[in-house]
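What follows is one structure encoded as structure tokens, with my remarks underneath.
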């Protein structure tokens, strides 16, 4: 959970810097798509991992499904972002 939050926050801060660049933003225009895709993936990972953490702490009956979802998400992210 901590790693996914750190990744999500760092990508969000990068997006904020791109927005604040103003005139210089044209130089980084081609980075917008990959940055948005990374933001969506990382905040999706945050949502799933936070739910798994909450389920584990509160001993909810669905906590094992949330853990499986985290493992599945990590596998999918690895397959999507693995260098070709």
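The values are calculated or read from the model by the stated rules, or taken from the named source; none is laboratory data. On a predicted model such as this, the values are computed, not experimentally measured, just so you know. Please note: Cβ atoms are built from the backbone with ideal geometry, for glycine as well, and neighbour counts cover all protein chains shown.
Some values worked out for this structure:
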| item | result |
| --- | --- |
| Matching residues, the stretch 73-82, being surrounded by fewer than 14 Cβ atoms within 10 Å (Cβ to Cβ) and either within 23 Å of residue 15 (Cα to Cα) or modelled with pLDDT of 95 or more (or both) | 78, 80, 81, 82 |
| Matching residues, the stretch 13-38, being surrounded by 14 or more Cβ atoms within 10 Å (Cβ to Cβ) and within 30 Å of residue 52 (Cα to Cα) | 14, 15, 35, 38 |
